[in-house]
Each structure stands twice: as structure tokens, then as C-alpha cells.
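One structure below.
The values are calculated or read from the model by the stated rules, or taken from the named source; none is laboratory data. No experiment lies behind these values; they were computed from the predicted model shown. A quick note on method: Cβ atoms are made from the backbone with ideal geometry, for glycine too, and the neighbour counts reach across all protein chains shown.
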Amino acid sequence: MFSWMKSEQGGAMVADPSGFHRPRFGALLHSDRTSFCSSNYDGEDSTSSPMNYADSTTTSNASSPYLMSPWNPVASPYNKSPWLLSSPIHDNTYGDGNDGHQQNSLIKSLVREEGNIYSLAVSADFLYTGTDSKNIRVWKNLRSHGGFKSSSGLVKAIVISGDKIFTGHQDGKIRVWKSSQKFSGYHKRIGTLPTFKDYVKNSTNPKNYVKIRRHKKTLRIKHFDAISSMTLDENQEFLYSCSWDKTLKVWRLSDFKCLESIQAHDDAVNSVVAGFQCFVFTGSADGTVKMWRRETTWEGKTRHVLDRILLKQDNAVTALAVNSWSTVLYCGSSDGVVNLWERFPKNNLRHGGMLRGHKLAVLCLAAGKNLVFSGSADKNVCVWKREVNGSHTCLSVLTGHTGPVKCIAAEQDQEQEEIYKQHRWTVYTGSLDKSVKVWRVYSRSGDTRRGK
């Protein structure tokens, strides 16, 4: 029997080295096959006023038996790979700018004693941060702008769609909030997923229940363990959520209905990301990355089928990201390595290399056009640049956090530095040191080509 443990701090699953030795599957599996797209209702109040932070307290699930940290990965030998690309580190974070180019720098550090930062999301001038307390803080132009709270702690994921904010929690529920147009900083809770209507409708049919323990069953449409990650499809029609309960769930945004519940992995699902038009990728503590294809049946229903398994390894998969061009998939693991796959015509994927820049587990990823940012338990953020030939170079290492970097978001500023032919990025990093740091990162305009 395999022995696996969850980390309450890192929010990911890793293997217990004292457990049964798992068989090695080899480093990578990839396919050239062509693919075509064709809870119990919580009864909370439906409104939430701006928080009274003087009364807020930091809480954690101390009763959880999963105490192993994802930044203490099981050691694995360095596997030589024919796809391995060299990644020399040229740290220009603190350069003097004598070459005529702006240098990366720290803009601001946002600190409030409300708990460790587990999630964040950015929309225009607004930044939302979730902690292991009940608070979701709202920042506008990097200044505190109120916030809201729910009845559960540990906000593990935040997704923004228009004027709606979706928050995934440790209790397995997804809460939906809407910002007020009249009162700035005021947010109203407009729903919980699954909805009460959907919950009651499904509860009458015994076939809609799944067994979770020896004498315990729950509805299939409800996550019964912590939500670890959420993402939207490219057209923002569907919300995908994954959980430590090993499932992937698909929600329709128009009516918040749960369309599918998929038993996706053999262990906790740590990350989910949508991309490549009609595909969804999931990464798990079982060491696999799976690619799911969205289809429409002849009845007009949406379903997702397993297209292929991209990766099988001994180390837990902890983070996934797709770049904004939807041409590259990145995967972070508990051994500190970032794998990547390049997209080719007819949705063929080819493994493109392994980026080695961290000493401990990669906990979060964010990908732009030709830049990808990786945050790690080693407290650092690596800035990688994808060259025209597909290779990657570590441009800079952003240092300053005193705890593991748990979440990250990046936005390219519309204003470009035309004088020096550079693009400017704003990068937000949340850490278990209770702070969010905001960085200014530059990349040369001539390097932002789409590539292949």
C-alpha cells in the first residue's frame, strides 16, 4: 500500500519516503497521436460586508494528518535526457543597466498579519489575495481596498471572470462573489458550488453518490476534500476545479451547474489548467500529467475524455501553466524541475526540455508570451525566457521572500519601453511569509516572437 501525505502549508501532495517503494515508470511518456477538437449546502448568509480586520484571526486545520511538506521531495537521480536543454543562469536582477536596458526590480511588498498567502488573482487595477485565515483581501493600485470573508479558512484558489470572483476553499466548496458597483470594496456572495438547486436535484438519485470511506458516501458533484486549483477555459464558458479528493469537476458558468465529475487520478490532484482550445491538463501527486479533450456529444452535451498521459514520474506534480499564446505547457514538480511541452499542428505535443533552476519543489507557475515564472519552496522566483529556437534561459532570479513562494501571477503592461525596445511585466508573488511582493520585469521586444 502506498504511503502518501498532504502538506497543509504547501497545498500539494508528496510521497512519504517511509512508504512502500513505488515502481518507476520512466521519466517521460509522450504521444504523436493526432487529436481533433470537435456539499452539503452551507447555509451561509448571502452577503458579506467589508472585513473588520481587527477581529480577524488566523486559523489552520491542525487536525489534518497530512503534515509532510512538498518542498522536502523524495530525492531522485539526475536522469540524462535527450531533450534536456541547457539553462545557464544570468542573474541581472541587480544589474546597473549600463547596457541601456532597464533592470528587474522589486516595486512593493504588501504585508498584513492575516496569515500566509496561498492564492492570488489579478484583474486590471485590482489584486485579490487569499490566506489561511477567513479573509480575502482586495488591493487597488497596490493599496488596501477592503475585502471580504467566508465561514471557512484557507483560501486555496482564486479565479476572476468579469465581475465575479470564484474562491476555492479547504472545505471543498467554491464560493462565488460579485463586486458592488455602488460601494467600492464591497462584495456580495451570490452562490456556492454546487448550488442548492443542483444539490437537491442530485440527492434524490442513489446513483449520484460515491463512496469516500467505508461507511461514508457523498454526492458526486461535491468536492469532499480541499480544492487545490481552479482555472477557466479560454472562452470563459467553463470553470474547472480539482481537489485532493482525486477528481476534476467541470462547472458551466452560465448557470453554475456541475456538468461532470471525473475520477482523474490515483492520488490528489494538485493543479489544473486549460489551453490549446479544447484541452484541460491535470497534474497529480501520483506523478502524472494527464491531457483531457473536451467534446460535444450528438445530444449537445459536453464531456471530457482522456486524450493521453504526458508524464509519469516518481515525484509529485505540483504546478501547471500554459503560456498566453497557448503554444507551450509547463509542469513543475516536487523535485524542483520544470518540464515543458511544445504544441505543434493538429495538437501534437513534443517534450521540449527540463528547466533546472530550483533547489526545492516548484510550487507555482505563471507563463506569458515568451516568459515563464516559477516560484519555489526555496523562496526564489526564476524568470525564464523562451528563445526563438525553443530553448530556455534563466534571465533572473527574484529574491526577497523569507518563506516558500506559493502563488504567482504575471501581467504584461500595455505601455512598452520603445526607447530600449523592451516589454515590461508586473509580477505578483505570494508567500508563506505572509507577504505579497510586486516585481517589475523586462524582456526585449525583439524576443517576443511567437516562434514555431
(request) Scan the stretch 240-256 for residues that are closer than 13 Å to Phe166 by Cβ and either hydrophobic (A, V, I, L, M, F, W, C) or touching a Lys or Arg at 6+ places or on another chain (Cβ under 6 Å) (or both) and jot them down. (result) Ser241, Trp251, Leu253, Phe256
(request) Within the stretch 280-311, work out how many residues are over 18 Å from Lys246 (Cα atoms), part of a strand (DSSP E or B) and among the hydroxyl-bearing types (Ser, Thr, Tyr). (result) 2
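Assess whether Gln236 counts as being closer than 25 Å to Cys364 by Cβ, out of contact with any His (no Cβ under 7 Å at 6 or more places or on another chain) and not in a strand (DSSP E or B).
Against the criterion (closer than 25 Å to Cys364 by Cβ, out of contact with any His (no Cβ under 7 Å at 6 or more places or on another chain) and not in a strand (DSSP E or B)), Gln236 qualifies.
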(message) Given (1) over 25 Å from Glu234 (Cβ atoms); (2) within 19 Å of the chain's Cα centre (by Cα); (3) surrounded by fewer than 21 Cβ atoms within 10 Å (Cβ to Cβ), identify the lone condition not met by Lys359.
(response) (2)
(message) Restricting to the stretch 210-227, give me the number of residues that are under 19 Å from Asp266 (Cβ atoms), among the charged types (D, E, K, R) and assigned to a strand (DSSP E or B).
(response) 2
(message) Every residue in the stretch 266-275 that is over 11 Å from Thr231 (Cα atoms) and either buried (at least 23 other Cβ atoms within 10 Å of the Cβ) or touching a Leu at 6+ places or on another chain (Cβ under 6 Å) (or both), please.
(response) Ala268, Val269, Asn270
(request) Starting from residues that are hydroxyl-bearing (Ser, Thr, Tyr), more than 15 Å from the chain's Cα centre (by Cα) and closer than 22 Å to Ser271 by Cα, keep the ones in the stretch 132-171 and report whichever is surrounded by the fewest Cβ atoms within 10 Å (Cβ to Cβ). (result) Ser161
(message) Tally up the residues in the stretch 251-269 that are out of contact with any helix residue (DSSP H, G or I) (no Cβ under 8 Å at 6 or more places or on another chain) and either assigned to a strand (DSSP E or B) or closer than 11 Å to Arg220 by Cα (or both), please.
(response) 8
(request) Looking only at the stretch 333-351, count how many residues are under 24 Å from Arg294 (Cβ atoms) and either β-branched (Val, Ile, Thr) or in a strand (DSSP E or B) (or both). (result) 10
(message) Based on this model, can you work out whether Asn116 counts as modelled with pLDDT of 85 or more and surrounded by 15 or more Cβ atoms within 10 Å (Cβ to Cβ)?
(response) yes
